[in-house]
Amino acid sequence: MTDPFLAALDQATRTVIARARGELPVAASTAIAHSYCCDPNWALCGLDLADLPPSGHGEQDCVVCAELDQAQVNCPLCPSNRGAA
């Protein structure tokens with residue numbers, strides 16, 4: 001079984017490469033919306049969100065967070081309580 005984080009990172013890398021090659025459309029917004037589990041200061045992808053403003057409507061979802069959320073992977077600190085930053 002593949003590690004969910006490594007699988008999400010692989011998918012994110014493929015997405016970025018496809019966008020750079022023009023195979024996928026470039027995101028309309030440069031801002032990225034991250035998901036978090038129990039601590040809103042830490043994204044599921046591992047990014048420290050403490051100094052970032054809350055995400056707004058229409059921002060591109062972090063592909064790593066989205067993959068981890070779809071796989072229902074929780075942060076190491078909390079087995080439940082999901083939200084979005």
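Read-outs throughout are calculated quantities, based only on the coordinates presented, and are distinct from any laboratory measurement. These figures come from a predicted structure and were not determined experimentally. Here the Cβ is made from the backbone with ideal geometry for all residues, glycine too, and neighbour counts use every protein chain on show.
Along Cα→Cβ, 7 Å out, is where each label goes; now give me the distance between the ones at ILE17 and ASP51 in nm to one decimal.
3.2 nm
Apply 1/(1 + (r/R0)^6) to the Cβ-Cβ distance of ALA31 and ALA71, taking R0 = 30 Å, and write down the FRET efficiency to the nearest 0.05.
Once the sixth-power term is evaluated, E becomes 0.80.
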